[in-house]
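Input: a single structure, listed below in structure tokens.
The values are calculated or read from the model by the stated rules, or taken from the named source; none is laboratory data. Bear in mind that the values here come from a model prediction, so they are computed numbers and not experimental data. Note that each Cβ is placed from the backbone with ideal geometry, even for glycine, and that neighbours are counted across all protein chains shown.
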Amino acid sequence: MISGCRILPIFLLFCLVSLPAADGIPVSLLTFRNSDSTSNDRYLDKSITEMVTVDLVGVQGITIIERADMEQILREQALALSGAIDETEVPEIGKLIGAKYLVFGTYTKDRRRITINYKITEVETGVIREAGTITGKIRRFMELKNKLAGSIYRSLRSVMAGLGPFMYPPDDRRITVDDVVSYGKALDLSDREDYEGARSILKNYISGDVRLSYAQRSLQQLEKRLEKYQDEHTKSLDRKAEGKLTYMKFMGVAMGYFGAGNYSKCIEFCRQTKINPPPGIEDAGFSIPEVCDYYIVASYGRLSAWDSTLACGERFLETHKGSMYFQGVKSLVYDAIAAKEKSGGGLQQVMAEVDAMIKKSFLLTGTEAQFEYFKIAGRLFNAKQWSRALDWYKKIVPSLLLPAVESDFIAYQIFLCYYYLGNRQEARGVIDFTRNNYPGSQFLDPMRRLADMIPE
């Protein structure tokens, strides 16, 4: 059924007029629905419709209105399709999407078989011109889909003169109904603008063991939609960033830039905001400059700008020691160190940096010195200098680091040094220490498992 329709805006009318090509009669396939109203089978719904649509696109004499374009138009009109289509509603739907003929139908399935029923309706008159039924084994889904596409083609040819030939796609028996459902999930994610989730699934069917030819085409369409979406989204965020910032507006813009993958914009925006930050929220647990610094570090990390990630990350760890983002930034710093080593920074460069940090630590006292010890130990640990890392971890007085670093985490790092050095006895000593002093530590179980792997 359909509900909720409003007057078409001028730009959408233009889109509708331009959808059908001049050399073909416009035809649209509405999403096939499961006739079992209790079933939540939207993924199979969309994959059946998309695959058959793609199969018919190359037929000369008709212009297929793409499923994604059709659903976007219906959403623009606040018009929802739910359940089986009422045949009296077909003319209204067809006129909205600019089609002369609509193909719609339902399917039923059990564990072994699928039956698909379809009808072809002339939009202008509302008359059903053709109908058909296809039945097949669920384990031979692609064969069934090919039969459905061929049957719809023959039905269209009976009501339209001069259609070109239909080329049957190959029947790849490796593709299971589970693959088809997964493909439908990607389409659903794309329709709901979860482009990253959709892209991940589609790429798997392009480069994975099971290749689905439809996935390549869907991915190309998704990339175009994503490019358009990101462009519109960025322009919207730019407009918000230009006005007077409030706390909520700042959070929305920063998260928006970052979530859309526009990391350079995010860095620029956060740096400008730090100059004149808006008032924060009392008792929020964090400040605007702190959030700005976090998004700057995280954005550099996403850009793989490791030098900037490391510099900004270490500055964050020194400036915001009690931050809720502390552990996340620390992980980014470790990732930057590892990436620099892998890219050719080499052990020599790392040790030179460590030496500079050691000289700096001599000038520090109290908590500041403890944090410098912590950073030195972490840098040596990532460089696989276990013995030297162990020496620096042992210099740390955990109580001076709280609440920024959990005390049992220091114990865990010391344990790992002994683990990599193959010192079973000392490693078990650390486990006993942790059990006695931090009985609820999340690191106890991992330490016990690893200790059993150290040779006697």
Picking from PRO165, PRO170, the residue that is touching a residue at least 40 places away in the same chain (Cβ under 8 Å) and either surrounded by fewer than 18 Cβ atoms within 10 Å (Cβ to Cβ) or over 19 Å from TYR43 (Cα atoms) (or both) would be PRO165
Name the pairs: first residue in the range 412-428 and without any contact (Cβ under 8 Å) to a residue 24 or more places away in the chain, second residue part of a helix (DSSP H, G or I) and surrounded by fewer than 21 Cβ atoms within 10 Å (Cβ to Cβ), Cβ to Cβ under 6 Å, at least 6 apart or on different chains? ARG428/ALA451
Could you go through the range 184-194 and let me know if any residue there is out of contact with any helix residue (DSSP H, G or I) (no Cβ under 7 Å at 6 or more places or on another chain), outside any helix (DSSP H, G or I) and among the acidic types (Asp, Glu). yes
I'd like to know if the range 299-313 contains one or more residues that are touching a Phe, Trp or Tyr at 6+ places or on another chain (Cβ under 8 Å), outside any helix (DSSP H, G or I), modelled with pLDDT of 85 or more and more than 29 Å from ALA369 (Cα to Cα). yes
So TYR393, is it closer than 21 Å to VAL333 by Cβ, part of a helix (DSSP H, G or I) and of a type in the set (Phe, Trp, Tyr): yes
Helices (runs of 4 or more DSSP H) (entirely within the range 197-293) containing at least 2 residues that are under 30 Å from ASP172 (Cβ atoms): 213-242
Tell me whether the range 397-406 contains one or more residues that are assigned to a helix (DSSP H, G or I) and either more than 24 Å from VAL333 (Cβ to Cβ) or at pLDDT 85 or above (or both). no
Output the residues belonging to the range 115-153 that are within 18 Å of ASP178 (Cβ to Cβ) and in contact (Cβ under 8 Å) with a residue 40 or more places away in the chain. LYS145
I need every pair where a residue in the range 307-330 that is within 13 Å of TYR295 (Cβ to Cβ) has its Cβ under 6 Å from the Cβ of a residue that is crowded, with 20+ Cβ neighbours inside 10 Å and small (Gly, Ala, Ser), sequence separation at least 6 or different chains. THR309/GLY301; THR309/ALA336; VAL329/GLY313
Filter result (hydrophobic (A, V, I, L, M, F, W, C) and at pLDDT 90 or above) within the range 255-274: CYS266, ILE267, PHE269, CYS270
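For (1) in a strand (DSSP E or B); (2) surrounded by fewer than 17 Cβ atoms within 10 Å (Cβ to Cβ); (3) modelled with pLDDT of 90 or more, each residue gets a yes or a no:
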position: ASN40; (1), (2), (3): no, yes, no
position: TYR43; (1), (2), (3): no, no, no
position: SER47; (1), (2), (3): no, no, yes
position: VAL52; (1), (2), (3): no, no, yes
position: ASP55; (1), (2), (3): no, no, yes
position: GLN72; (1), (2), (3): no, yes, no
position: ILE93; (1), (2), (3): no, no, no
position: ILE116; (1), (2), (3): yes, no, yes
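Conditions tested, residue by residue: (1) of a type in the set (Gly, Ala, Ser); (2) crowded, with 19+ Cβ neighbours inside 10 Å; (3) under 38 Å from the mean Cα position of the chain (by Cα).
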site: GLY366; (1), (2), (3): yes, no, no
site: ILE376; (1), (2), (3): no, yes, yes
site: ASP391; (1), (2), (3): no, no, no
site: GLY429; (1), (2), (3): yes, no, no
site: ARG435; (1), (2), (3): no, no, no
site: LEU444; (1), (2), (3): no, no, yes
Picking from ALA131, ALA198, ALA149, which residue would you name as being of a type outside the set (Phe, Trp, Tyr) and within 24 Å of the chain's Cα centre (by Cα)? ALA198
Any residue at all in the range 361-379 that's assigned to a helix (DSSP H, G or I) and touching a Cys at 6+ places or on another chain (Cβ under 8 Å)? no
